[in-house]
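Asks: Here it is, the structure, as structure tokens.
The values are calculated or read from the model by the stated rules, or taken from the named source; none is laboratory data. Remember, predicted model here, so these are calculated numbers, not experimental data. Don't worry about glycine lacking a Cβ; one is built from the backbone with ideal geometry, like all the others, and counts go over all protein chains shown. Ligands, DNA and RNA are stripped out before the accessible areas are found, and what is left, the full protein with its side chains, is counted by its heavy atoms. Shrake-Rupley method; radii C 1.70, N 1.55, O 1.52, S 1.80 Å.
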Amino acid sequence: RNSTRTFAVATVALAATVSSLKIRDNNEASQEDVGSDPPHYEETSGEKTEASLHPYDTHNKMYYLQTFGHNTMDPVPKIDYYRNTGSVSGNKLNRPSLLEIHEQLAKVMERVANGESTAGDETTASKEEENKTGLVKFGWVKGVLVRCMLNIWGVMLFIRLSWIVGQAGIGLGVIIILLATMVTSITGLSTSAIATNGFVRGGGAYYLISRSLGPEFGGSIGLIFAFANAVAVAMYVVGFAETVVELLKESDTIMVDESNDIRIIGTITVVCLLGISVAGMEWEAKAQVILLVVLLIAIANFFIGTVIPTNNEKKARGFFNYQASIFAENFGPDFRGGEGFFSVFAIFFPAATGILAGANISGDLKDPQGAIPKGTMLAILITTVAYIGVAISSCVVRDATGNINDTVVSGMSCNGSSACNLGYDFSRCRNQPCDYGLMNNFQVMSMVSGFGPLITAGIFSATLSSALASLVSAPKVFQALCKDNVYKGLHFFAKGYGKNNEPIRGYVLTFVIAMAFILIAELNTIAPIISNFFLASYALINFSCFHASYAKSPGWRPAFRYYNMWVSLFGALLCCGVMFVINWWAALITYAIELFLYIYVTYKKPEVNWGSSTQALYYINALDSALALTAVEDHVKNFRPQCIVLTGAPMIRPALLDITHTFTKNNGLCICCEVYTGPRKLCVKEMNSGMAKKQAWLTKNKRKAFYAAVAADSFRDGVKSLLQASGLGRMKPNTLVIGFKKDWRNAAASQVENYVGVIHDAFDFELGMIIVRISQGFDITQVLQVQATCCLTHQKSFHIFFLISESTINTIQSMHMGEFNQKLLESSTQFKKKQGKGTIDIWWLFDDGGLTILIPYILTIRKKWKNCKLRIFTGGKANRIEEEKLVMASLLSKFRIKFADINIICDINMKPNKESWKFFEEMIEPYRLHESCKDITTAEKLKQETPWKITDAELEAFKEKVKPSLPFYICTYSYTVDQMLEVISKKM
């Protein structure tokens, strides 16, 4: 209770703090009315005239509300502020910033003074929602329960369940039903959990998987699931056509032959179903209700028929009402024709695939979060009971001749045959095929029922309703996939028509696929094809639920509580196992297709962000790894340069970023940093608005780096903040990379002081220091300005400052030379190119811990620098050149660093000649104080005003340190013939 109270107090305190940024009329507000006069929120409806408007009106159409005793413009919590950007349930509204809150009252007053409406965007959005009429939305019964029951009670119930019981027996038949129910029940629980974790749009399984696991999994399974539904249309239509052909055969009116008649009837049927689907969801829903009524009557008719006394004709066909001997005989399995448990399961399993029929039209439901769990789970329960009831009510023997004269002859031995004990001899069915019985007659339910034509009507109802549901589901799922533009080539099918956005193009595509499989005209061939596709979808739905729970994202809080992450994982593994048991090569093909689509989507990287559990798990893994890394002590073998690069905006100094990225890519941390100086409010606003764009620039240009920015009073203070606060745990920068300040002679003294101060700060914070210099400098602002001008001339509507890339830089090369510095442009891209053969000269003059030798080595193992060799320069004595070379070669060999040559510089510590010293004195002249030439008072005053200037005493103190460096610079120029890069260790 104490912790809860603390949190509440903290929340109130925060709200009160923000609310204290009150907006008041200075002419009417006073100290006395701060606590008593109730403040207001802006109301989004209604209008006020100028005469009636009062900033503290609390009664009539108020503009503000009272929050913690302060006048505030803060908005109250509202769902529109929390919507996804692309939400179809309403427009996403943005909360006002503090600046907007400060300015809002003035805007309202001005708008009222001008006679304008004060209703905001919220009013417009709400009115648009209210004006949306004519949409057909379904409740949980009509939208989910009815559809799922009709889809599950499909062709298998009436024309295959008897054959399944004949093959597997009642015992294994019930196990097959329960195994399928286990798969679908676990999947139903997972579906319910995902569906109740936020708003559900259209797309069914695709939407649930893609929003949970991301576009890679969703895009791959979306195509497979839509295709499986399209093939399911063919399966149900073929089941319907088989029944019609059986009727035609009984009346001896076969048109061509059985197979071709199935194709003809199937084609006509699917055309009719397509017409109903295209007519709209409202007509389709009405047809579904009628079909369900017929189906329920047919099922009841079957159970009634089992208790109606049989006649001789039905006995000859194997039906003897409820008999214990028949139940016992049919209880065990009798697999024939090469069938087995899992092959029979593969044929039955599509009967259970209707559980997503409601979820597939989630976009057409009034309340998907409530309808999908309730309707799906109840449908699974009802249909499972019905399936088991039909399987147990097996009153028919496995084989029967259909001949009423095949009765038992006196003295005949029955050998345990139940039909024989009941007076009929079907023994000849052992040697020759018979036409009746569970194993031979697919129309057993019609024979057993009280009124046969009702079963036929039930078969028609079940098959047509399932086909119709699948014909609607496939285009809806496919349309959702195409709308997300995961596969850009399929965007053509995203277009919808009519008030319900019907996917007419998807209907036509589904029709074509269904027709192709109808031509197979063999139900037992089609059924296993879609079993693996549906199982793959179910596996990913279960895995999505497990993954979302495992990622422990705060956003995962489904309203449906009756699920368990480990049960979902078991369901996913069960689905995968069943896939291989049913048909191992079909499972491999399914996974191969899914893997190919996954790789394709991953490669294409669709620009979507759905807040998937994959992203959440990335964060958890990264956090765990970072925490685990903090427990690992640093070791010299694992040292790697982790750099802060003072690029400013990364596109301003691309060459500095490129050279750093070369030795940090896939090897170390790289943070591009920018310091904003100036008025704090403007700096913070500019910094916040550019953070995402500049990080996006790095990603777009394939730079594996982070972007960080700070607002500070001075450049040096900002860099200090970055040096101290950047990084996380062991992933903390250890090296500062800056460009050489090329304009140091002409720059303001404070800028030079800040620049030199940053170098000292880096050493104070124990960071390595790399200063990079190129002939033209790094700043390419001039090039960007030229390109921006060019783009404005051509009326381009994008911000080139943030979107310039290597390809766009190259386009500038065709422009007139006078418009930009060609050399600057070329130098800005020099580290993006492959470096030719040459050397990297390393002047390893002082022992700096090895950074001077490590950076060039890392460069040489990169593809662009692999043709460059290391050439080592170091100091030594003239009389020990060979010994010094051997010592250095031995050291480098211990470091396992290859080198091309070692040069010992003997005259590095020589005194400079007069010309060199004169050049040095002229260079530092503007920065000298010359206090010895002034009186004491003036000298002290100058020291206080310009503390950065060099005093005579300081110059004298450092003269001996500076003198040996001057000949060194002259010495380096004599070795620059074929060098690609020069690396020099400096003394401080």
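Asks: Can you say whether Gly375 is surrounded by 24 or more Cβ atoms within 10 Å (Cβ to Cβ), modelled with pLDDT of 80 or more, within 25 Å of Phe560 (Cβ to Cβ) and in contact with a Lys or Arg (Cβ under 9 Å, 6 or more places away or on another chain), as far as the supplied structure shows?
Replies: yes
Asks: Restricting segment 278-289 to residues that are in a helix (DSSP H, G or I) and touching a residue at least 24 places away in the same chain (Cβ under 8 Å), which is most open to solvent (accessible area, probe 1.4 Å)?
Replies: Top of the filtered list is Glu282.
Asks: Restricting to segment 256-272, give me the number of residues that are open to solvent by 70 Å² or more (accessible area, probe 1.4 Å) and at pLDDT below 85.
Replies: Result for segment 256-272: 2.
Asks: Moving on. Mind checking whether some residue in segment 616-636 is open to solvent by 70 Å² or more (accessible area, probe 1.4 Å), out of contact with any helix residue (DSSP H, G or I) (no Cβ under 8 Å at 6 or more places or on another chain) and closer than 22 Å to Gly222 by Cα?
Replies: No, there is no match, as no residue in segment 616-636 is open to solvent by 70 Å² or more (accessible area, probe 1.4 Å), out of contact with any helix residue (DSSP H, G or I) (no Cβ under 8 Å at 6 or more places or on another chain) and closer than 22 Å to Gly222 by Cα.
Results for (1) over 28 Å from Arg557 (Cβ atoms); (2) touching a residue at least 24 places away in the same chain (Cβ under 8 Å), shown as yes or no for each residue.
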residue	(1), (2)
Tyr591	yes, yes
Glu594	yes, yes
Pro606	no, yes
Ser612	no, yes
Leu617	no, yes
Ile620	no, yes
Asp624	no, no
Val632	yes, yes
Val636	yes, no
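Asks: Another question, then. What number goes with the only condition from (1) open to solvent by 40 Å² or more (accessible area, probe 1.4 Å); (2) under 30 Å from Trp844 (Cβ atoms); (3) at pLDDT 80 or above that Thr938 does not pass?
Replies: If we test Thr938 against (1) open to solvent by 40 Å² or more (accessible area, probe 1.4 Å); (2) under 30 Å from Trp844 (Cβ atoms); (3) at pLDDT 80 or above, just (2) comes out false.
Asks: Could you grab me the full set of residues in segment 549-608 that are open to solvent by less than 90 Å² (accessible area, probe 1.4 Å) and in a loop (DSSP other than H, G, I, E, B)?
Replies: Ser553, Gly555, Trp556, Pro558, Ala559, Phe560, Tyr563, Asn564, Asn583, Pro606, Val608
Asks: If you don't mind, another one. Among the residues in segment 314-325, are any open to solvent by 20 Å² or more (accessible area, probe 1.4 Å) and either closer than 30 Å to Glu502 by Cα or in contact with a strand residue (DSSP E or B) (Cβ under 7 Å, 6 or more places away or on another chain) (or both)?
Replies: Yes: one or more hits.
Asks: Please work out if Ala226 is among the hydrophobic types (A, V, I, L, M, F, W, C), surrounded by 23 or more Cβ atoms within 10 Å (Cβ to Cβ), over 21 Å from Phe349 (Cβ atoms) and in contact (Cβ under 8 Å) with a residue 60 or more places away in the chain.
Replies: no
Asks: Any chance segment 895-904 includes a residue that's closer than 30 Å to Ile780 by Cβ, acidic (Asp, Glu) and modelled with pLDDT of 85 or more?
Replies: No, segment 895-904 has no match at all.
Asks: Considering Gly204, Gly198, Gly214, Gly275, which residue is on the phi > 0 side of the Ramachandran plot and out of contact with any helix residue (DSSP H, G or I) (no Cβ under 6 Å at 6 or more places or on another chain)?
Replies: Gly198
Asks: Would you mention how many residues in segment 630-680 are assigned to a loop (DSSP other than H, G, I, E, B) and of a type in the set (A, V, I, L, M, F, W, C)? Break it down stepwise before answering.
Replies: So in segment 630-680, the residues assigned to a loop (DSSP other than H, G, I, E, B) come out as 631-635, 639-642, 646-653, 665-669, 678-679.
When the remaining residues are screened for being of a type in the set (A, V, I, L, M, F, W, C), the result is 631-632, 639, 646, 649, 651-652, 669.
So the count comes out to 8.
Asks: Next up: Determine whether Phe460 is at pLDDT 85 or above and open to solvent by 10 Å² or more (accessible area, probe 1.4 Å).
Replies: Taking the combined requirement at face value, the residue does not satisfy it.
Asks: Okay, next question. Which residues, taken from segment 321-346, are farther than 15 Å from Ile175 by Cβ, of a type in the set (A, V, I, L, M, F, W, C) and touching a residue at least 24 places away in the same chain (Cβ under 8 Å)?
Replies: Ile326, Phe327, Ala328
Asks: Which numbered condition trips up Lys914, out of (1) out of contact with any His (no Cβ under 9 Å at 6 or more places or on another chain); (2) surrounded by 11 or more Cβ atoms within 10 Å (Cβ to Cβ); (3) modelled with pLDDT of 75 or more?
Replies: It fails just one condition, (2).
Asks: Using beta carbons and a limit of 9 Å, which pairs, at least six apart or on different chains, have the first residue in segment 293-317 and closer than 19 Å to Ile152 by Cα and the second one open to solvent by 70 Å² or more (accessible area, probe 1.4 Å)?
Replies: What qualifies is Asn301/Phe451.
Asks: Pick out, from segment 837-954, the helices (runs of 4 or more DSSP H) lying fully within it that include 1 or more residues that are under 22 Å from Leu981 (Cα atoms).
Replies: The helices (runs of 4 or more DSSP H) meeting that bar are 851-860, 881-894.
Asks: Sticking with this structure for a sec: Between a first residue in segment 835-859 that is touching a residue at least 40 places away in the same chain (Cβ under 8 Å) and of a type in the set (Gly, Ala, Ser) and a second residue that is assigned to a loop (DSSP other than H, G, I, E, B) and buried (at least 17 other Cβ atoms within 10 Å of the Cβ), which pairs have beta carbons less than 6 Å apart while being 6 or more apart in sequence or on different chains?
Replies: none
Asks: Considering each of Leu157, Leu172 in turn, give the residue that is open to solvent by 10 Å² or more (accessible area, probe 1.4 Å) and either in contact (Cβ under 8 Å) with a residue 60 or more places away in the chain or not in a helix (DSSP H, G or I) (or both).
Replies: Values: Leu157 fails: open to solvent by 10 Å² or more (accessible area, probe 1.4 Å).
From the options Leu157, Leu172, the qualifying one is Leu172.
Asks: Inspect all residues belonging to segment 638-650 and state whether any of them is within 21 Å of Ile186 (Cα to Cα) and surrounded by fewer than 16 Cβ atoms within 10 Å (Cβ to Cβ).
Replies: no
Asks: Condition first: in contact (Cβ under 8 Å) with a residue 12 or more places away in the chain and either touching a Ser or Thr at 6+ places or on another chain (Cβ under 8 Å) or surrounded by fewer than 14 Cβ atoms within 10 Å (Cβ to Cβ) (or both). Now tell me which residues in segment 716-738 satisfy that.
Replies: Gly718, Gln724, Leu728, Gly729, Arg730, Lys732, Pro733, Val737
Asks: For residues that are over 30 Å from the mean Cα position of the chain (by Cα) and open to solvent by 70 Å² or more (accessible area, probe 1.4 Å), tally how many sit in segment 690-715.
Replies: Selection size over segment 690-715: 2.
Asks: Also: Condition check: assigned to a helix (DSSP H, G or I), surrounded by 14 or more Cβ atoms within 10 Å (Cβ to Cβ) and out of contact with any Pro (no Cβ under 7 Å at 6 or more places or on another chain). Does Gly275 satisfy that?
Replies: Spelling it out, it is not the case that Gly275 is assigned to a helix (DSSP H, G or I), surrounded by 14 or more Cβ atoms within 10 Å (Cβ to Cβ) and out of contact with any Pro (no Cβ under 7 Å at 6 or more places or on another chain).
Asks: For Val344, all conditions in the list (1) under 14 Å from Leu438 (Cβ atoms); (2) open to solvent by 30 Å² or more (accessible area, probe 1.4 Å); (3) in a helix (DSSP H, G or I); (4) not polar (S, T, N, Q) hold save one; what is the number of the exception?
Replies: Among (1) under 14 Å from Leu438 (Cβ atoms); (2) open to solvent by 30 Å² or more (accessible area, probe 1.4 Å); (3) in a helix (DSSP H, G or I); (4) not polar (S, T, N, Q), the lone unmet condition for Val344 is (2).
Asks: Modelled with pLDDT of 80 or more, under 30 Å from Gly204 (Cα atoms), open to solvent by less than 20 Å² (accessible area, probe 1.4 Å) and out of contact with any strand residue (DSSP E or B) (no Cβ under 9 Å at 6 or more places or on another chain): does that describe Ser449?
Replies: Judged against the criteria, Ser449 is not a match.
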